[in-house]
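The structure under discussion appears below in the form of structure tokens.
The values are calculated or read from the model by the stated rules, or taken from the named source; none is laboratory data. Just so we're clear, the structure is a prediction, and the values are computed from it rather than from any experiment. Using ideal geometry, Cβ is built from the backbone for each residue, glycine included, and neighbour counts are taken over all protein chains shown.
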Amino acid sequence: MASPAISVRGLVQQYQGQTVLSVPELDIEAGTVLTLLGPNGSGKSTLLRLMGLLEKPTSGSVAFSGKVPQNAGERLDQRRRMVMVFQDPLLFRGTVYDNVAYGLRLRKFPRHLTQRRVQETLDLVGLGPLGQRDVATLSGGEAQKAALARALALEPEILFLDEPTAYLDAPARQGFRDELLTLLDALHITTVFVTHDRTEARLVSRSVAVLFDGVVEQTGPVEDVFRRPGSARLAAFLGVENLFSAVAEPHNGCARLRAKGLELTASTIAGGEVTVGLRPQDLYLESPESPAGNAVVGTIRRLLPEGAAYRLEADCGVPLVVYVSEQEVHRWGLGPGRPVRLSIDPQQVLVYGTPGL
Amino acid sequence: MALVWEGFRQALGLLWSVDRELLAITWLSLRVSGSATLMAIVLGMPVGLWLGLSRFRGRRFLLGVVNTGMGLPPVVVGLFISILLWRSGPLGAWDLLYTPLAMIMAQAVIAFPIVTGLTCAAVQQLDPRIALQALALGASGIQLVWTLAREARLPLLAAIMAGFGGVISEVGAVMMVGGNIRGQTRVLTTATVLEARMGRFDTAIALSVILLGLVFVVNAVLTIAQQQEVRPWRRLP
């Protein structure tokens, strides 16, 4: 079996004696896209810089296709097989052409081939006619595309993207993201994408590693991680808005969960004080007169338009949030003060051992 | 005021008549200050880049020394270079005192901290992430330094201009180590001092005008180079 494109082993990074990153093991398969997701300051960018050989770790190693670069020469050779795009485009003074040609010139790429490669890459990212533009005159989106072109012109084996959409406004972000997704699908480059935006993480890759306080808390297929976050704080970060403390009792191979004013069943074995997580998208509306099921009843507190849906906030003993469509609002006659019944599949109820948040 | 106009008139006259002695003085000024600036660039820019880009114990002290050197009085430099080059001095055997080479040495000492200090400031004001980006695109150590120097080329050219301006206009050091010997070590500044001392203010003003013109032309060339930011590039058909 081929070695992973990147293998991280026992990687620790300390700044002034403080450990900011500790990753015992992380593998990234060749040709795949992995998203490093985590809040600001969680160590994502540090991990990226270490994998990009732009920083030396306090301890541990990063291997590329099973080989750890041993000396400065090998490190430079490896660095030249990968490339990084940062949050800020960080374009050099000069024209778009100069920037895209920069890495090729460093590698002493023949001049006539450089011109062709630059033009092809600019066409690829949709900046074909802008080669002779001074980078100071580019818009934010154009500048980030130029930075991407500068990276792709090198035809890297590994592409590191450090929150490349962070500095873009909403329309530019959308455009850049669409372009990026198309390119990643077409090019099959091993890619590590860093973001703190969970929507972006779900869009960009099939695999995700979630970092908290310098530690990889969970890795796996992106939908699995979002469906079953490994801890309560991970659940909170990944958008599980309904988190509350409860008391669990084992009951017929399941757990009966009791919190203030509600009772639910979860398909898991748990006992004692726990934290319960209910993803808003797993809750669905039922008629208040429906027969008993795995449901909670309460009163609607607020109904707020949010994008194409409505955010329904209900008081069910504990505050719960669910998103409903405009059609549902009309069909059920939903509004503040009205009764509501929210149902959930016991398999979708998340139960964490740590009580409280 | 009439004296000033007379000075201007005479300067034009001197230039028009292509005065051989004046041409020799101007050429020597340019040669001495140009060589001194070049030496300062060759030595000072790498030191400035090193001070700006590296971190080590004692770096702040060295920066303090360089910054102090930027205000070095030329006459003090002249005195110390003279002592070094005196017959009885440590470099007396070279017999360089009162030669253009001694003047170049003295002016290089004056320009070195100016070029070093401004080079250091130029690279320090760069976004530190630029270095990271260059490395991430595959730059080696030398390529990184070259990239950063290119990024800081506007302030670096300003450093060269400041170094040249500092030495072409100084009189104390060249007077002490050169001696203002007619036909050998007389430059525009020392000639101006001499003419003024002898009461020939119109000639002194004429020499000053030529000196100013020279500084202007050299700096104009550097400014044009500095402001040529964007190189034209043609799209492939």
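Overview of values
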quantity: Pick from region A:105-117, criterion at the interface with chain B (Cβ under 9 Å from one of its Cβ atoms) and surrounded by 18 or more Cβ atoms within 10 Å (Cβ to Cβ), ranking: nearest to A:Gln174 (Cα to Cα); calculated: A:Gln115
quantity: Residue check, B:Val221 farther than 30 Å from B:Ser54 by Cβ and either assigned to a helix (DSSP H, G or I) or within 14 Å of chain A (Cβ to nearest Cβ) (or both); calculated: yes
quantity: All positions within region A:161-198 that are closer than 19 Å to A:Val83 by Cβ, without any contact (Cβ under 8 Å) to a residue 60 or more places away in the chain, touching a Gly at 6+ places or on another chain (Cβ under 7 Å) and surrounded by 18 or more Cβ atoms within 10 Å (Cβ to Cβ); calculated: A:Phe176
quantity: Any helices (runs of 4 or more DSSP H) falling wholly within region B:1-84 and containing at least 2 residues that are touching a residue at least 60 places away in the same chain (Cβ under 8 Å); calculated: B:2-16, B:20-53
quantity: Elements of type strands (runs of 3 or more DSSP E) in region A:202-270, at least 2 residues being free of Cβ contacts under 8 Å to residues at least 60 places away in the same chain and out of contact with any Leu (no Cβ under 9 Å at 6 or more places or on another chain); calculated: A:215-221, A:242-251
quantity: Filter result for the condition that a residue is in contact (Cβ under 8 Å) with a residue 60 or more places away in the chain and in a helix (DSSP H, G or I), over B:Ala93, B:Ala111; calculated: B:Ala111
quantity: Residue count, region A:180-201 (criterion: farther than 17 Å from A:Leu168 by Cβ, in a strand (DSSP E or B) and among the aliphatic types (A, V, I, L, M)); calculated: 1
quantity: Subset tally (residues that are surrounded by 24 or more Cβ atoms within 10 Å (Cβ to Cβ) and out of contact with any helix residue (DSSP H, G or I) (no Cβ under 7 Å at 6 or more places or on another chain)) for region B:157-183; calculated: 0
quantity: B:Thr190 vs. criteria modelled with pLDDT of 90 or more and either assigned to a helix (DSSP H, G or I) or not small (Gly, Ala, Ser) (or both); calculated: yes
quantity: Region A:323-347 residues that are touching a residue at least 12 places away in the same chain (Cβ under 8 Å), paired with ones that are surrounded by 16 or more Cβ atoms within 10 Å (Cβ to Cβ) and among the polar types (S, T, N, Q) (beta carbon under 9 Å, 6 or more apart); calculated: A:Ser343/A:Asn294; A:Ile344/A:Asn294; A:Asp345/A:Asn294; A:Pro346/A:Thr265; A:Pro346/A:Thr268; A:Pro346/A:Asn294; A:Gln347/A:Thr268
quantity: Some residue of region A:183-190 being of a type in the set (S, T, N, Q), more than 28 Å from B:Gly141 (Cα to Cα) and within 27 Å of the chain's Cα centre (by Cα); calculated: no
quantity: Residues that are touching a Lys or Arg at 6+ places or on another chain (Cβ under 9 Å), within 14 Å of chain B (Cβ to nearest Cβ) and at pLDDT 90 or above, drawn from region A:165-206; calculated: A:Val194
quantity: Unmet criterion (only one of (1) in contact (Cβ under 8 Å) with a residue 24 or more places away in the chain; (2) more than 14 Å from chain B (Cβ to nearest Cβ); (3) closer than 28 Å to B:Gly141 by Cβ) for A:Ala30; calculated: (3)
quantity: Flag for A:Leu37 being crowded, with 23+ Cβ neighbours inside 10 Å, facing chain B (nearest Cβ under 10 Å) and not charged (D, E, K, R); calculated: no
quantity: Residue satisfying all of: in region A:67-104; in contact with a helix residue (DSSP H, G or I) (Cβ under 9 Å, 6 or more places away or on another chain), within 9 Å of chain B (Cβ to nearest Cβ) and basic (Lys, Arg); surrounded by the most Cβ atoms within 10 Å (Cβ to Cβ) among these; calculated: A:Arg79
quantity: Conditions (1) without any contact (Cβ under 8 Å) to a residue 24 or more places away in the chain; (2) out of contact with any strand residue (DSSP E or B) (no Cβ under 8 Å at 6 or more places or on another chain): number failed by B:Ala102; calculated: (1)
quantity: Single unsatisfied condition, A:Ala151 versus (1) surrounded by fewer than 22 Cβ atoms within 10 Å (Cβ to Cβ); (2) assigned to a helix (DSSP H, G or I); (3) hydrophobic (A, V, I, L, M, F, W, C); (4) within 14 Å of another protein chain (Cβ to nearest Cβ); calculated: (1)
quantity: In region B:102-155, residue farthest from the other protein chains (Cβ to nearest Cβ) [restricted to those that are buried (at least 22 other Cβ atoms within 10 Å of the Cβ) and of a type in the set (S, T, N, Q)]; calculated: B:Gln107
quantity: Qualifying residues in region A:124-145 (those that are assigned to a helix (DSSP H, G or I) and under 16 Å from A:Leu181 (Cα atoms)) - the one farthest from the other protein chains (Cβ to nearest Cβ); calculated: A:Gly141
